[in-house]
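All of the numbers you see were taken from the coordinates with simple rules; none came from a lab. Quick caveat: nothing in here was measured; it's all calculated off a predicted structure. Glycine gets a Cβ as well: all are built from the backbone with ideal geometry, and neighbour counts include every protein chain shown.
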Amino acid sequence: MKKAVDLMLIPEEKYSEYRYDAIFKAYKWDPQVGDHNTVARHVVVLDESTVKQLETYAEKLSEETMLMEEALIHKPHLLKKLGLPKEIIKAVPRLSSYNRNQNIRLMRFDFHPTETGWAVSEVNSDVPGGLAEASVLPQIACRFFEGCEPQYHVGQRILEAFSDKVKENGTIAFVHATSYSDDRQVMEFLSDYFLAHGYKTVFAAPDHLVWKDKKAFCIIEGNEGPIDGIIRFFPLEWLINLPRKSDWKGYYDCVTASCNHPVAILTQSKRLPLIWDELELNISAWKNLLPETKDPKAVKKDDGWIYKPALGRVGEGISILEAISEKESKQIRKAVRKAPGSWVAQRRFSSQPIKDKNGEEYHLCVGVFTVNGKCAGFYGRISPYPRIDHRAKDIPVLVWKGSRQNES
């Protein structure tokens, strides 16, 4: 029997070709973080039962997440506990007419193998990354591994969701921080995919859109006109830093089909578990899969607990001691003491490392995407230490298919 989770090396003589294709075909334009190569020499292969299990978990978590954010719109008294900026809290009343059926809801749930099964560490609810890595990279890698196939294509699932809401030849605005190549490569991937399927696209900074009767209009010279759909890859909390003359609050009540609608920020906060009981909802999947989470003020000793910033991204600021310097550890503890309402304490789970054939151990994170509550793809990252951060390597996730997974 094949392993439920297997770490397999790309043939050494093929790695240069693979990495070249990752850069030029999978939109991994800058495959380095400092001196670290972020294109793994491995693939991770899951058996079909593991894939089904993760899909089931992600879809249950997705539905519960959408229920929570819809409830929070009408319970503004709970928002201060989430550690959100005041400007965002003030704008939440503009979400009152939000309708999930008019928008496209994209999320990514990060799962980790542990000694007691899979655990979820967080949901990337607002602007999840890894779209090309989950869509194109597995297609490139599977040619080296007989019997293995990719599972879904996130770009295709997003396109299908838009096709139900946007007319043929409609114009999609790809909103992002236009000066950042890391963000641009995500938008280039999706734009190319939409262009290939008959849509018009425009790259826009967030203040390149204005609002008329709550509909989006583009003001870029040469691209002026109505926008039929928005794909935002610009963290919502960054909008408050735009020039005062920009009407960033227009995103909150616009009726143009959006991925993601600003409602997503309500479940982006890592402090969300602190208000679960007050929402009076059935969120059993979250309670079963997420480690115990508390306000930092309720934790008397650090033993067995880690700290996370409420709106942290890419693993930043997480106090896993083996993965950070003593200086960073002190900085985190100081920040927690100074502003505990912007942090959360979480019971640490025991990440179970996976060995390759050479006996080298890596910690694995499998990000499972959902689009409108349905599984849409898998995104992998590995690290030699149990914090998956900006230095982790991108790894394609493949699936053993059919009877071949039973071969020795």
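Structural remarks
- Reduced Cα scattering model of the stretch 292-347, Debye log10 I(q)/I(0), q = 0.14, 0.31 Å⁻¹: -0.31, -1.54
- Between N169 and W276, the FRET efficiency estimated from the beta carbon spacing at R0 = 25 angstrom works out to 0.05.
- Overall Cα dimensions of the stretch 225-314, principal axis frame, Å, largest first: 56, 31, 23
- Residues whose placed amide H lies under 5 Å from that of S258, excluding near-sequence neighbours: I104, I230
- Å³ per residue enclosed by the Cα convex hull of the stretch 275-408: 166 Å³
- Whole-angstrom Cα spans of the stretch 40-119 along principal axes, big to small: 45, 27, 27
- Projected area, mean over directions - the chain, Cα convex hull, nm²: 20.4 nm²
- Between F203 and L78, the modelled label-to-label distance comes to 4.0 nm, taking each label 7 Å out from Cα in the direction of the beta carbon.
- Based on the convex hull around the alpha carbon atoms, the stretch 174-255 presents an average projected area of 5.6 nm².
- Neighbour count of at most 10 Cβ within 10 Å plus DSSP loop: longest trypsin sites (Lys or Arg not before Pro)-free window in the chain: 1-166
- Exposure proxy ranking, count of Cβ atoms within 10 Å, fewest first, for L281, L398, L364, L79: L281, L79, L364, L398
- Cα centre as origin, Lys/Arg/Asp/Glu Cβ charges: the chain dipole, Debye: 1360 debye
- Note on the stretch 292-347: dipole from Cβ charges, positive end direction compared against T293, G341, I318; the farthest Cα belongs to G341.
- Span-rule helices in the chain, defined as complete DSSP H runs reaching 27 Å or more along the axis (Cα) with Kyte mean at least -1.0: 48-73
- Only helices enter the 222 nm calculation for the chain: every DSSP H run of n ≥ 4 contributes -39,500 (n - 2.57), and dividing by all residues gives -7500 deg cm²/dmol, rounded to 500.
- Rounded to the nearest 20 debye, the dipole magnitude of the stretch 1-141 is 660 debye, with +1 charges on Lys and Arg beta carbons, -1 on Asp and Glu beta carbons, and the Cα centre as origin.
- Restricting the stretch 132-175 to GluC sites (Glu not before Pro) that sit in a DSSP loop and have at most 16 other Cβ atoms within 10 Å of their own Cβ leaves E146, E168.
- Furthest towards positive pole of dipole, M8, H77, F203, structure part the chain, Cβ charges: H77
- Rounded to the nearest 20, the size of the Cβ-charge dipole of the stretch 292-347 about its Cα centre is 300 debye, with Lys and Arg at +1 and Asp and Glu at -1.
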